[in-house]
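S.K.: Quick one: this structure, given as structure tokens, is what I'll be asking you about.
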Amino acid sequence: MISTGYAFTSAYLKGEEARLITSEHVDQMSNAPTIQGVLEIIKDTDVGSYLRDFAFISFGDIDQYLWDYFRYCLERLEWFKMVPNDLLKLLRAYTVKYDVLNVKAALWRVTSGRKARMIPVGTLHSCGLLDRLANAENLDDVIESLFMCKLRNYADILREEEQRLHQGARSSLLVDARLDNEYYMNMLNIAGASAESPMFSKALGIIIDLANLQIISRAIIEGLGPEVAEYTIGGGHMLTGEILGELLSVKLSDMPQRLDDVQYRDVAQEILAGYDGTKSIAAVVETVEAHKFRLLKEILAPKVLSPLMMVYYLVLKEAEIRNLRLILKAMLDGIPLVETRKYLVLAS
């Protein structure tokens, strides 16, 4: 029997889905002369309603407000008394991904001495420790922050990898992969205990496959060599360790033809085209993010009264924020929306 809490949460999330930015909004944005014009076009959406009272001076402002909005969406879910505890547990576990990203940024600050920008989402932020992490001067500062907010597993990894952190790109990739592995193993454990275990595990497996394609592409571009195979993330859906090892032995231009799955071959082809056009790792990341949404939508969109509806909502909101960041950044840079649209992923 479906609980009242699941019925309430399903109705709420479907209502939120109806207030997303759509392709129709994006079509209208092509004629907007200013950022304020864009905000007027999306005023009927949830994010547009949130942003209407803010003044944007720089992209840093845009970035901050959009992440604040995402956190606000998560806090609303936490506030509702009727959201079932298992969905809240899933929500909190999912958003640890932002703790992992923030830890990686802090490690980059420690090793490079340059300022790192934090994402104001996750356990570290909830514990009031994000500023402390952002200002970490050494590895001990990072580890202490993780211990203080009960992210001990990640602190233990950093302690074990202390020597590697100062040994260049290959070692940095290994530490990043170990942190990612810990995150995805925790998520897979949650998926395994779910009533929707097979479908949930498949969705996570696809996310892991795409993350591995990103790691492999970065390794090939940076010339790190086949030994990087040990740095990939376990638990993928279709890309086994053997396949990933084979991909590392080829050029980026040869990667698409080595993938049997048509969908992943398309991802690799677009990674190649994006990198050839920009010579930037950022193009690889954008391509992977766009395909992640498309592949997950096919699995998650039909699900209601299920833990997967929470995952789909989070994926939708992340995609919406990413789209708006790309659109507003392009406007500030004077880039026509038609050139940005190919990188957008829209639910409708």
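S.K.: Anything in the chain that counts as a DSSP H helix reaching 18 Å or more along its axis (C-alpha) with Kyte-Doolittle mean of at least -0.5? List them, would you?
M.R.: Details: long enough: 4-17 (20 Å, -0.45); 59-79 (30 Å, -0.58); 96-112 (24 Å, 0.29); 169-192 (34 Å, -0.06); 197-221 (36 Å, 1.19); 262-278 (24 Å, -0.34); 281-300 (28 Å, 0.72); 308-332 (36 Å, 0.94).
The answer, listed by residue number, is 4-17, 96-112, 169-192, 197-221, 262-278, 281-300, 308-332.
S.K.: Give me Asp333, Asp180 sorted ascending by neighbouring Cβ count inside 10 Å, so fewest comes first. Display every interim value, and only then the final one.
M.R.: Numbers: Asp333 9, Asp180 22.
The most exposed by this proxy come first: Asp333, Asp180.
S.K.: Can you put Val142, Val110, Val311 in order, fewest other beta carbons within 10 Å first?
M.R.: By the 10 Å Cβ count, ascending: Val110, Val142, Val311.
S.K.: Something else about it: How high is the relative contact order of region 1-95, given as a whole-number percent (alpha carbon pairs under 8 Å, six or more residues apart)? Intermediate values should be presented prior to the final figure.
M.R.: Values: 43 pairs, mean separation 29.3, N = 95.
Answer for region 1-95 is 31 percent.
S.K.: To continue, here is another question. What's the center-to-center distance, using Cα atoms, between region 94-137 and region 281-315 in Å?
M.R.: One Cα centre to the other: 24 Å.
S.K.: Would you list Met199, Met82, Met331 from fewest to most Cβ contacts within 10 Å?
M.R.: Ordered from fewest to most neighbouring Cβ atoms within 10 Å, Met199, Met82, Met331 come out as Met82, Met199, Met331.
S.K.: With +1 on the Cβ of every Lys and Arg and -1 on the Cβ of every Asp and Glu, and nothing else charged, how large is the dipole of region 197-302 about its Cα centre, in debye rounded to the nearest 20?
M.R.: Values: 9 positive and 15 negative charges, 53 e Å.
Dipole size: approximately 260 debye.
S.K.: Sticking with this structure for a sec: With a ≥ b ≥ c the root eigenvalues of the C-alpha gyration tensor of the chain, is it rounded (a/c under 1.5), prolate (a/b larger than b/c) or oblate?
M.R.: Here the chain falls in the rounded category.
S.K.: About the Cα centre of region 72-206, what is the dipole size in debye to 20, counting +1 per Lys and Arg Cβ and -1 per Asp and Glu Cβ, all else neutral?
M.R.: 320 debye
S.K.: With point charges of +1 on the Cβ of Lys and Arg and -1 on the Cβ of Asp and Glu, referenced to the Cα centre of region 176-244, which listed residue (Met187, Ala177, Ala219) lies farthest in the positive direction of the dipole?
M.R.: Positive-most Cα among the choices belongs to Met187.
S.K.: Gain in length, Ala273 to Glu40, computed as 0.36 nm per residue apart minus the alpha-carbon separation, to one decimal in nm?
M.R.: On the way: separation 233, 0.36 × 233 = 83.88 nm, distance 3.46 nm.
So the extension gain works out to 80.4 nm.
S.K.: Near Lys202, which aspartates and glutamates are there with a Cα under 16 Å away, not counting those fewer than 8 places off in the same chain?
M.R.: Qualifying aspartates and glutamates at Cα under 16 Å: Asp261, Glu298.
S.K.: Quick check: the distance between the Cα centres of region 154-215 and region 30-47, to the nearest angstrom?
M.R.: Going from one Cα centre to the other spans 37 Å.
S.K.: Cα gyration tensor of region 115-224, axes a ≥ b ≥ c as square roots of the eigenvalues: rounded (a/c below 1.5), prolate (a/b > b/c) or oblate?
M.R.: Details: a/c = 2.03, a/b = 1.19, b/c = 1.71.
Verdict is oblate for region 115-224.
S.K.: Here is a further query. Using 28 Å as the Cα-Cα cut-off, could you pick out the over-long pairs in Lys89/Lys297; Lys89/Lys329; Lys89/Lys303; Lys150/Lys329; Lys251/Lys317? Intermediate results must be reported in sequence, preceding the final value.
M.R.: Details: Lys89/Lys297 22 Å; Lys89/Lys329 34 Å; Lys89/Lys303 18 Å; Lys150/Lys329 36 Å; Lys251/Lys317 35 Å.
Correct reply: Lys89/Lys329; Lys150/Lys329; Lys251/Lys317.
S.K.: Taking a Cβ-Cβ separation under 4.7 Å as the criterion for a possible partner, which cysteines of the chain have none?
M.R.: Within the chain, the cysteines lacking a partner Cβ under 4.7 Å are Cys73.
S.K.: Roughly what percent of Cα-Cα pairs across region 173-267 reach past 20 Å? Walk me through the numbers on the way to the answer.
M.R.: Numbers: 1558 of 4465 pairs.
For region 173-267, the share of Cα pairs beyond 20 Å comes to 35 percent.
S.K.: If you filter region 51-123 for chymotrypsin sites (Phe, Trp or Tyr not before Pro), then keep DSSP loop positions with at most 16 other Cβ within 10 Å, what is left? Write out the running numbers ahead of the final one.
M.R.: Numbers: sites: Phe54, Phe56, Phe59, Tyr65, Trp67, Tyr69, Phe70, Tyr72, Trp79, Phe80, Tyr94, Tyr98, Trp108; in loops: Phe54, Phe56, Phe80.
Passing both the DSSP loop test and the Cβ count: Phe54, Phe80.
S.K.: Apply the a/c threshold of 1.5 to the C-alpha gyration tensor of region 100-169 and tell me whether it is rounded, prolate or oblate. Walk me through the numbers on the way to the answer.
M.R.: Details: a/c = 1.98, a/b = 1.25, b/c = 1.58.
Verdict is oblate for region 100-169.
S.K.: Here is a follow-up. Which longest uninterrupted range of the chain lacks any trypsin sites (Lys or Arg not before Pro) assigned by DSSP to a loop state (not H, G, I, E or B) and surrounded by at most 16 other Cβ atoms within 10 Å?
M.R.: Working: sites that count: Arg19, Lys43, Arg52, Lys81, Arg114, Lys115, Arg117, Lys150, Lys251, Lys279.
Here the longest run is 151-250.
S.K.: If you don't mind, there's one more thing I want to ask. Could you tell me the relative contact order of region 197-302? Use alpha-carbon pairs under 8 Å, at least six residues apart, and round to a whole percent.
M.R.: 29 percent
S.K.: Over region 113-241, what relative contact order in percent results from Cα pairs under 8 Å that are six or more residues apart?
M.R.: Details: 107 pairs, mean separation 22.9, N = 129.
Once normalised by length, the contact order is 18 percent.
S.K.: A further question follows. Go ahead and collect, in residue order, the members of region 285-313 whose backbone nitrogen is under 20 Å from a label point 7 Å along the Cα-Cβ direction of Phe80.
M.R.: Those under the cut-off are 300-313.
S.K.: Using the crude model of +1 on Lys and Arg Cβ and -1 on Asp and Glu Cβ, and no other charge, please compute the dipole size for the chain relative to its Cα centre, in debye to 20. Present the calculation step by step, with values, prior to reporting the outcome.
M.R.: Numbers: 38 positive and 47 negative charges, 85 e Å.
Computed about the Cα centre, the dipole is about 400 debye.
Computed from the coordinates by the stated procedures, all read-outs in this text should not be read as laboratory data. Everything quoted here is computed from the prediction, not taken from an experiment. Because the Cβ atoms are built from the backbone with ideal geometry, glycine has one as well, and the counts that use them run over all protein chains shown.
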